[in-house]
Amino acid sequence: MASAAEQLASNLNFSTFAKAEDLKKRLWFTLAALLVYRLGTHIPLPGLNPEAYAAAFKGQSGGILGLFNMFSGGAVERMAIFALGIMPYISASIIVQLMTSVVPALENLKKEGEQGRKIINQYTRYGTVLLGTLQAYGIAVGLESGQGMVVDPGWFFRISTVVTLLGGTMFLMWLGEQITSRGIGNGISLIIFAGIAAGLPTALAHTLELGRTGALSTVLILLVIVVAIAVIALIVFVERAQRRLLIQYPKRQVGNRMFQGDTSHLPLKLNTSGVIPAIFASSLLLLPATAAGFAGTSTLPGWATTIVSALGHGQPLYMALYGALIAFFAFFYTAIVFNPKDTADNLKKHGGFIPGIRPGERTAEYIDYVLTRITVIGALYLVFVCILPEILVAQTGIPLALGGTSLLIVVSVTLDTVAQIQGHLIAQQYEGLIKKSKLRGGKRGR
């Protein structure tokens, strides 16, 4: 039998949406915030020679800078004020979350609830400022080393570039937090989603143009489309897949009445970490190559040139590190967002138990055992979805926006946002039913 929530979800219609005033406000706020972000990706950095920069970027657009450009919504291609994007914040989040597992003081803060979370978020902001400053300065120096890309090189240009790019990153961080609290969905993920989605029509048009000019065969383009559709279908299937653990509650007596024990399920997602591992892995691979990509291999020592070349998009070392980082973050982030011990303690507190498993520590061990097994499948799925299309992109030369990472982010964020919208509609319908029951009760009382 379908649950009450599922029944309500099936009965949702446009009239329910029309009455959800709070949801409409949240949607309009989210759209307005994303529009502000898209406008910012078209405001150029002051002091640049647009023609010289466009020529320099074109020669490196197929490598790391192309991937960075995809995540920034085309801001790197135009060297806009949002060129750094949200990546310094994501990198700082990775570092802080790793430190919470090894630094006792941060681990204790994590256990303090909301207050500890606020302090950790503040440390993340400090880390964002530090990383953003370093990356922005590296970009400024790299731009100056280019042939005629900067109109008036010098410290004034460097300082203004650092302030502008860092200010853009901090604004995007704040904008993402506002979307999360006042809009719909995860703000940071939606900002990345908006940047990638904005480049999809251009990428598709470019792919078709390659086919028209004969650079790509019609069979190859059809193969790319089939692979993209198959990857999207796989993402939707796995992101919705769950392993449900049966939970039983014993019989209870209230007064003179005996109530039958209830049963429910503990849902464990096949991919608990979501899209985070792909974003984290991409962020770490982009971090060391940002300044090097602008500076050019001629200004780097031999060993650094070798590393930068090996980390080029589509290279075997890049693919190997990318897959390994995705698998690592799949387990790491799952361990952060889901604690089997806390779940087992909550079940024990409310009298729930898994049939055949002793409550308490044994339940925590069993949940951890099941979660580890399904996370292995989830990690392999993430690696497959991200690596296979990337190999196709590297071998054929189709735009990066049609790669596995971009499709994973777009589909996953869309599913998550739609689920949150549906949740708001269900809550709205619940409130309507409660109001109707109160009105009926009042009429009967009269």
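See the values below:
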quantity	calculated
Those helices (runs of 4 or more DSSP H) lying entirely in the range 135-253 with at least 1 residues within 26 Å of Met79 (Cα to Cα), touching a Ser or Thr at 6+ places or on another chain (Cβ under 6 Å) and open to solvent by less than 50 Å² (accessible area, probe 1.4 Å)	155-182, 187-213
All positions within the range 98-118 that are hydrophobic (A, V, I, L, M, F, W, C), in a helix (DSSP H, G or I) and within 18 Å of Phe332 (Cβ to Cβ)	Leu98, Met99, Val102, Leu106
Criterion violated by Gly356 - all others in (1) at pLDDT 80 or above; (2) in a helix (DSSP H, G or I); (3) open to solvent by 40 Å² or more (accessible area, probe 1.4 Å); (4) not charged (D, E, K, R) satisfied	(2)
Selected residue (criterion: farthest from Tyr381 (Cα to Cα)) from residues of the range 333-350 that are open to solvent by less than 30 Å² (accessible area, probe 1.4 Å) and touching a residue at least 24 places away in the same chain (Cβ under 8 Å)	Leu347
Index of the failed condition, Gly302 passing every other in (1) modelled with pLDDT of 85 or more; (2) closer than 29 Å to Ala140 by Cα; (3) of a type in the set (Gly, Ala, Ser)	(1)
Lone qualifier among Val411, Val393 - being buried (at least 20 other Cβ atoms within 10 Å of the Cβ), touching a Gly at 6+ places or on another chain (Cβ under 7 Å) and either assigned to a helix (DSSP H, G or I) or modelled with pLDDT under 65 (or both)	Val393
Residues (in a loop (DSSP other than H, G, I, E, B), open to solvent by less than 50 Å² (accessible area, probe 1.4 Å) and not hydrophobic (A, V, I, L, M, F, W, C)) located in the range 31-46	Thr41
Total residues in the range 265-285, condition crowded, with 21+ Cβ neighbours inside 10 Å and part of a helix (DSSP H, G or I)	8
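The values are calculated or read from the model by the stated rules, or taken from the named source; none is laboratory data. Keep in mind that what you see is a predicted model, and the values were worked out from it rather than measured. Neighbour counts run over all protein chains shown; Cβ positions are idealised from the backbone, glycine included. Heavy atoms of the whole protein, side chains included, go into the accessibility calculation; ligands, DNA and RNA do not. Shrake-Rupley method; radii C 1.70, N 1.55, O 1.52, S 1.80 Å.
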